[in-house]
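Each remark here refers to the structure printed beneath this line.
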Amino acid sequence: MGKALGFVAVAALLFVAPAAWAGCGSDSACKVGKCSSGTCGNCGSDSDCKGHSKCSSGKCGNCGSDSDCGVGKCSSGKCGSCGSDSDCKGGKCSSGKCSNKDDYLK
């Protein structure tokens, strides 16, 4: 019984650990924004968004013009829209959205 319990504990760690690695543990782990509840992209000011976008309601990703966006164009107050791959600065444009528009949240 002891070996079976040990196996279950190891198996549980294998399933939980990758999910934990996908998040952040500190602000320095975030390309954009601050770390909060294991997720990047949180902010208190525009400078927290590191040129990716503007801060609004505590989240990065907002904009007033295309120049506010580090990835994609500004549409309806959000960054990440595109007309071609070149708008995405490293990502692909698909159905008007950049494939990398939310990379900073991972």
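Between SER86 and ASP66, what length comes free when the chain is fully extended (0.36 nm per residue of separation minus the Cα-Cα distance, one decimal in nm)? The SER86-ASP66 span can extend by a further 5.9 nm. Here's the list of lysines a cross-link from LYS78 could span, going by alpha-carbon distance under 23 Å and ignoring same-chain residues fewer than 8 apart: LYS31, LYS34, LYS50, LYS54, LYS59, LYS89, LYS92, LYS97, LYS101, LYS106.
Heavy-atom accessible area for VAL71, with the other protein chains in place and a 1.4 Å probe, reaches approximately 20 Å².
The values are calculated or read from the model by the stated rules, or taken from the named source; none is laboratory data. Just so it is clear, the structure is predicted and the values come from calculations on it, not from any experiment. These accessible areas exclude ligands, DNA and RNA; they are computed on the full protein's heavy atoms, side chains included. Shrake-Rupley method; radii C 1.70, N 1.55, O 1.52, S 1.80 Å.
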